[in-house]
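Structure, as C-alpha cells:
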Amino acid sequence: MSETPHTHAAVHAAPTGFIRKWVFSLDHKVIGLQYYFLALIAVFLGMGLSIIFRLRLAWPTEHWPLLAKIFPAGFEGGPMTPEFYLSMVTMHGTIMVFFVLTTAPQSGFGNYFLPIQIGAHDMAFPVLNMLSFWVTFVSMMIMVAALFVTGGAPLSGWTAYAPLSALGQIAGPGQGLGQTLWIISIAVFCIGSLLGALNFITTVLNMRCQGMSLMRMPLTVWTWLTTAILALLSFPVLLAGGILLLFDRVGGTSFFIPAGLVVSDKLIQHSGGSPILWQHLFWFFGHPEVYIAILPGMGVTSQLLSTFARKPIFGYKAMVYAVFAIGLLGFFVWGHHMFVSGLSPMSALVFSILTLTIGVPSAVKTFNWLGTLWGGKIRFTTASLFGIGFVSLFVSGGITGIFLGQTSVDIPLHDTYFPVGHFHLIMGVASIFGILGATYYWFPKMFGRMINETLGKIHFWFTFIGVNAIFMPMHVMGIMGHPRRYAQSTEYQYLAGTQSFHLFITIAAIITALAQLVFLLNFFWSVFKGKKAADNPWEATTLEWTIPSPPPHDNFAGKIPIVNHGPYEYGVPGAPRDFVMQTDPPLQVRR
Amino acid sequence: MPATIAPPEVDNKPKGSHDSSGGGFDGGGWRDDSHRWGNFGGSEPQTPIDAYRLAMWLALASIVMLFAGLSSAYVFRMGASPDWRSISIPSFLLPNSCLLLASSLTLELFRRGLKSGLDSRTRLWVALTSLLGAGFLAGQVWIWKTLSAQGIYLSSNSHSSFFYLMTGTHGVHLAGGVIALLVLCWKAWRHVHVTRGLKTFSDLTAIYWHFMDGLWIYLFLLLFLWR
C-alpha cells in the first residue's frame with residue numbers, strides 16, 4: 001500500500017469512457033442525476049397508474065380497449081376488474097413512495113448537492129454510493145416486473161397488510177408471483193437505502209470543509225442528515241418484516257397468518273400468527289418513512305424562501321431543532337396508523353398524544369417560513385412559487401393530521417377517503433412540490449442552462465390548483481363515509497352522492513397529469529436549448545453557487561473552500577451586496 | 001461609520017501536486033488538509049480514516065435495528081397465540097458458541113501482535129481466527145442438519161421458525177465477517193510491515209467481529225432463556 005500523499009487534483013482525474021462516466025460512475029453528481037432520472041421515470045409511471053384507476057372510479061362500467069390490450073387479464077369480461085383496480089392502487093402507492101418520494105429528494109438532490117454544500121469533493125464512499133444506486137435500480141426493475149408477471153401485480157396495498165399479503169396465490173392472482181416480487185423488491189430497496197444513509201451521515205460528519213461548522217450548514221444539509229438517520233434506523237425494521245413475510249409465503253412459517261383462516265373455501269394450514277405484528281413492523285418503518293419523504297422538502301423550502309425573500313431564514317437554530325424533533329418523534333407514533341386494529345386504549349392515548357406533539361415543531365417550521373417571507377422583497381420565480389406552495393400544502397395536509405391523530409376522530413374516518421386526502425397533500429404532493437421547487441432552483445447548476453420561467457409558472461399554477469382540486473374533495477367524501485379501496489361506489493345507495501365527486505377528481509387528475517407534460521417538455525427543451533446559466537443566477541449564498549454551472553468533476557477544481565459565513569446571510573447591513581456568500585471574507589467594520 | 005467587506009484574502013490558485021505533505025494552512029485561503037485523508041483500500045484515498053470507523057458504527061446501528069425488529073417480532077409472536085412450543089437447546093450449540101468466543105480472543109491476540117510488528121506468530125493468530133469463524137458457521141449448518149434430522153423444521157413451530165430465521169440472519173452477517181477476516185489474512189501475509197491501511201482494516205474487522213460475537217450471545221440468551 002503506497003504511503004505517497006495524494007493530491008486532490010491527482011485523485012480526481014475525470015473518467016473518460018462512457019461507462020465509467022455515465023453508467024458506473026463514482027461521481028456523486030452523476031449518481032445524483034441517475035437517481036433523479038430514475039425517480040422521473042417512476043413518477044410518470046406512478047402517475048399513469050393513478051390515471052388508470054381513476055378511470056375505473058369515474059366510469060365504472062366503461063370498456064378501455066387500449067388498456068385491455070396492454071393488460072388483458074385486468075379486463076376480462078369488459079370493464080376493468082376490481083382486482084386490477086386494486087393492483088393499480090397498490091403499484092401506484094409503492095412506486096410513488098419508494099421510487100419517487102424516497103429516491104428523488106434524498107438520494108437525487110442529496111447526492112448531487114450535499115457534498116458541494118458542505119465543501120467536499122465527493123461523498124465519503126464513492127464506490128458504496130455507486131452500489132446504492134445500482135441496488136436501487138435493480139429493486140425498481142423487480143418492482144416493474146411485478147406489473148407484467150402472470151397473475152398480475154399484487155393487490156394488498158403499499159402497506160402489504162397480512163394475512164392477505166402472506167397467503168400466496170390462493171388470495172388472488174396477483175398475490176402469487178407478483179406479491180413475492182414486491183417483497184423482494186422492497187427488501188433490495190432497503191439495502192440500497194441503508195448503504196446510501198450510511199454514506200450521507202458519514203459525509204456530513206466527516207467531510208465538511210474548514211469553517212463549515214454544523215450550525216453553518218444549509219438547512220437542506222440538516223434535513224438530508226436527519227433523513228439519513230431515519231432511513232438508517234427504520235429500513236432495517238422493514239427488512240426484518242419483509243424477511244418474515246417472505247418466509248410465511250415460501251417457508252410455511254406462521255408469523256403473520258392466524259389459525260383457522262378459510263380462504264376461497266379452503267382451510268389454510270397455518271397456525272397462531274398475528275396480522276397485527278406485521279402492522280407494527282411495517283408502521284415502525286412506515287411512519288419515519290413519511291418524514292423521509294417530506295423532510296428534504298422542508299430543507300429545500302427553507303432554502304428557497306430565504307433566497308427569494310432576500311432575507312435570512314427566520315430562526316435558523318429553531319429550524320434545525322424542529323427538524324430533529326420531527327425526526328425523533330417520528331419513531332414513537334407508528335401506533336396512530338393502527339387505532340382501529342384493536343390497540344389497547346391506553347397505548348392509543350399515548351400514541352395520540354405523541355402524534356399531536358409533532359404539531360409543535362411543525363408549527364415552528366411553518367411560522368418560521370412565514371416569518372422569513374414577512375416583509376421580504378420576494379422574487380416570484382417558479383422555484384419560489386413551489387416553495388410557497390409547499391408551505392400551503394404542508395398546512396392543509398398538516399391540519400388534517402391533527403384530526404386523524406386523535407382516536408375519537410380517527411376511528412370513524414379511518415379507511416375512508418379522508419386519510420387518502422390527508423396523506424396525499426402532506427406526504428405526496430408537498431414532497432413533490434419540494435422536488436419540483438428543487439428542480440427549478442438547481443436546474444441552472446445541474447445543467448448549466450436556465451429553465452423557462454413562463455412554462456414553469458404555467459406548470460406551477462396548473463399543478464397547484466390541480467392537486468387541491470383532486471385531494472380537497474376527498475376529505476369531504478371521507479366525512480360522507482366513502483370507504484377507501486372500493487373499486488366502485490355506485491352499488492351503495494348511501495354513496496350515490498359521491499359519484500359526481502369521483503368524476504370531478506378524475507377530470508382534475510387528468511388535467512393535472514397533462515400539465516406535467518408541460519414540465520417534461522420545458523425540462524428537456526431547457527437542458528439542450530435553454531439560456532446559458534451564470535454561476536449564481538439567483539444571487540444565492542451557499543457553496544454550490546460559488547462554482548461553475550455545471551460544476552467541474554471534483555466540484556471545487558482541486559481547491560477546498562473556506563467558509564466564513566452562515567448559510568443565509570441576505571440583506572446584511574453594511575455588506576456591499578444584498579447577499580453574503582458563505583466563502584466571502586469576514587465582514588469587517590471600518591471605523 | 002460605514003462597515004464594509006474587506007478585500008478578499010483568498011488565494012485562488014489551485015494546489016499543485018508537490019506540496020500536499022504538510023497540514024494546516026498553506027498561506028492562502030485554501031486549506032491543505034491531506035494529512036486528514038486516509039490511504040486505505042487504494043480505491044478511495046480521499047476519505048478520512050475516521051469516516052471508516054463512523055461508517056462501521058452506523059452499519060452496526062442498522063444491524064441492531066434489524067435484530068431489534070426480529071426480537072420484537074419474537075416476543076410479540078410468543079404472546080400472540082397459545083400455540084407456542086419451544087424446542088430444547090441443540091446439544092452442539094454451546095460448544096459451537098465457544099468456537100466463536102475463542103475467535104474473538106484470537107483476533108485480539110492478533111491485534112496485540114500487530115503492535116510489535118508482523119511476525120509469523122501474529123499471522124497465525126489471524127489465520128486461526130478465520131478458521132474458528134468458519135468453523136462456527138459450519139457448526140451452525142451442522143446443527144440445522146441435526147435438528148431437521150430430528151424432524152424439527154423451519155415451519156414445525158413458531159419457536160423453531162425463529163430459531164432458523166435468527167441463526168440464519170446472524171450467519172449471513174457472520175459470513176461477511178469471515179470474508180473480512182480472510183481478506184485480513186491475505187493482507188497480513190502480503191505485507192512485511194504494519195501499514196496504516198492494515199491497521200485500520202484490522203480495527204474495523206475487529207469492531208464488526210466482536211459485535212457479531214456479542215450479537216450471538218444475545219440471540220442465544222433470547223432464544224433459549226426467553227421461550
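Here, each number is a calculation from the coordinates, and none is a lab measurement. Quick caveat, the model's predicted, so the values are computed rather than measured. No Cβ is skipped: glycine too gets one built from the backbone with ideal geometry, and neighbour counts run over all protein chains shown.
Please tell me the relative contact order of chain A in percent, rounded to the nearest whole number, where contacts are Cα pairs under 8 Å and at least six residues apart.
15 percent
Counting Lys and Arg as +1 and Asp and Glu as -1, each charge on the Cβ, what is the dipole of segment B:49-225 about the Cα centre in debye, to the nearest 20?
With Lys and Arg at +1 and Asp and Glu at -1, about 480 debye.
Provide Rg and Dmax in Å for segment A:167-216, with only Cα atoms included in the calculation.
Gyration radius and largest Cα-Cα distance of segment A:167-216: 20.0, 61 Å.
Between segment B:169-227 and segment A:324-372, what is the C-alpha centre distance in whole Å?
Using only Cα atoms to place each centre, the spacing works out to 39 Å.
On a full-extension model of 0.36 nm per residue, what is the gain between A:Val350 and A:Ile411, subtracting their alpha-carbon distance, rounded to one decimal in nm?
Gain on extension, A:Val350 to A:Ile411, equals 20.4 nm.
Among A:Val97, B:Val75, which comes first, second and so on when ranked by fewest other beta-carbon atoms within 10 Å?
Fewest to most other Cβ atoms nearby, the residues stand as B:Val75, A:Val97.
Any idea which of A:Asn468, B:Ser161, A:Ala120 is furthest toward the positive side of the dipole for the protein assembly as shown, if Lys and Arg beta-carbons carry +1 and Asp and Glu beta-carbons -1?
Looking along the dipole axis, the top candidate is A:Ala120.
If you build the Cα gyration tensor of segment B:54-209 and take the root of 5 times each eigenvalue, what three semi-axes come out, in whole angstrom, biggest first?
36, 18, 10
If one computes P(r) from the Cα atoms of segment A:355-439, what percent of pairs lie at distances over 22 Å?
In whole percent, the long-distance tail amounts to 32.
Would you list A:Asp122, A:Asp578 from fewest to most Cβ contacts within 10 Å?
In increasing order of surrounding Cβ atoms, one gets A:Asp578, A:Asp122.
Which cross-chain or sequence-distant (5 or more) residues have an amide H under 5 Å from the amide H of A:Arg449, H modelled 1.01 Å from N in plane?
A:Ala533
Could you tell me the calculated FRET efficiency between A:Phe524 and A:Ile378, based on Cβ-Cβ distance and R0 = 25 angstrom, to the nearest 0.05?
So, using R0 = 25 Å, E works out to roughly 0.30.
Hey, got the Cα dimensions of segment B:164-227 along the principal axes, in Å, largest first?
Computed over segment B:164-227, the largest-to-smallest principal extents equal 51, 16, 12 Å.
What percent of all Cα-Cα pairs in segment B:48-113 falls into each 10 Å bin, going from 0 up to the bin containing the maximum distance?
16, 19, 39, 19, 7, 1
Once you put a point 7 Å from the Cα of B:Trp142 and another 7 Å from the Cα of A:Ser264, both along the Cβ direction, what distance in nm separates them?
4.5 nm
Given a cut-off of under 8 Å on Cα pairs at least six residues apart, what relative contact order in percent is computed for segment B:49-225?
30 percent
For the protein assembly as shown, compute the orientation-averaged projected area of the C-alpha convex hull (one quarter of its surface), in nm².
Projected over every direction and averaged, the Cα hull of the protein assembly as shown covers 37.6 nm².
Sorted from largest down, give the three principal axis spans of the alpha carbons of segment A:275-346, whole angstrom values.
52, 21, 15
Charges only on Cβ, +1 for Lys and Arg, -1 for Asp and Glu: so what's the dipole of segment A:370-461 about the Cα centre, in debye to the nearest 20?
560 debye
Give me P(r) over segment A:217-351, computed from all C-alpha to C-alpha distances, binned every 10 Å, as integer percentages.
11, 29, 26, 17, 10, 5, 1
Sorted from largest down, what three extents in whole angstroms do the Cα atoms of segment A:462-588 have along their principal axes?
Computed over segment A:462-588, the largest-to-smallest principal extents equal 74, 36, 24 Å.
Quick one: A:Ile510, A:Ile294, fewest Cβ neighbours within 10 Å first, how do they rank?
By the 10 Å Cβ count, ascending, the order reads A:Ile510, A:Ile294.
For A:Met123, list long-range residues whose amide hydrogen, built 1.01 Å from N in the peptide plane, is under 5 Å from its own amide hydrogen.
Residues meeting the amide H criterion: A:His28.
Give the Rg/Rh ratio for segment A:470-511, taking Rg as the radius of gyration of the Cα atoms and Rh as the Kirkwood radius, to two decimals.
0.94
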